[in-house]
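In what follows, a structure is listed as structure tokens, so that the remarks can point back to it.
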Amino acid sequence: MSDLCARCDTRRPDGADWARHTSGLTSTSYLVCPTCEDKGGGMSIRSGDVSATDDQLKLFIERAERLYEEKRGVNDDIRDLFSEMKAVGYDTKIARELLRLRAMAPHDRAERDALLETYRAAIGLG
Ligand SMILES: [Zn+2]
């Protein structure tokens, strides 16, 4: 059972008394913060009423939509950043390689470098 609002992902403060709703489709309960509750976020779940039981599913779908929207925004920002780098003269393929190397654990990077050097020497590549 998550302590997050099913609509806005806000974390419930300790001891706060938030509305608890139950999905009729999965019989699991979920919380809705007072702000979202006021906006109709908790909606009127009546136990056993199938017509009113899509609310939790709808909240999940809306959250997924918001996250995909944010992801699109971030992807656009990353594309802009690389365009900017390219515009001032950097090689963006090398920049992406740097990002990949920095994301590796130091030990893995050292191992990769040693192996690459060994392999390069093995084929006479300076
Ligand atoms: Zn909320």
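The values are calculated or read from the model by the stated rules, or taken from the named source; none is laboratory data. Given the structure is predicted, the values throughout are model-derived calculations rather than measurements. Cβ atoms come from the backbone with ideal geometry, glycine included; neighbour counts cover every protein chain shown.
Descriptive notes on the structure:
- Out of Glu65, Glu97, Glu69, sole residue that is outside any loop (DSSP other than H, G, I, E, B), within 16 Å of the ligand (Cβ to nearest atom) and modelled with pLDDT of 95 or more: Glu65
- Residue satisfying all of: in region 56-92; polar (S, T, N, Q) and either out of contact with any helix residue (DSSP H, G or I) (no Cβ under 8 Å at 6 or more places or on another chain) or touching a residue at least 24 places away in the same chain (Cβ under 8 Å) (or both); farthest from Ala19 (Cα to Cα) among these: Ser83
- Contact map, region 1-12: first residue farther than 17 Å from Leu57 by Cβ, second residue within 10 Å of the ligand (Cβ to nearest atom) and among the β-branched types (Val, Ile, Thr), Cβ cut-off under 9 Å, separation 6 or more or different chains; pairs are Thr10/Thr35.
- Extreme residue, farthest from the ligand (Cβ to nearest atom), among residues of region 1-10 that are modelled with pLDDT of 80 or more and in a loop (DSSP other than H, G, I, E, B): Asp3
- Just so you know, in region 35-53 the residues that are surrounded by 14 or more Cβ atoms within 10 Å (Cβ to Cβ) and within 11 Å of the ligand (Cβ to nearest atom) include one that is modelled with the lowest pLDDT, and it is Gly42.
- One residue stands out in region 11-31 among those that are crowded, with 18+ Cβ neighbours inside 10 Å and at pLDDT below 90: the one that is nearest to the ligand (Cβ to nearest atom), namely Leu31.
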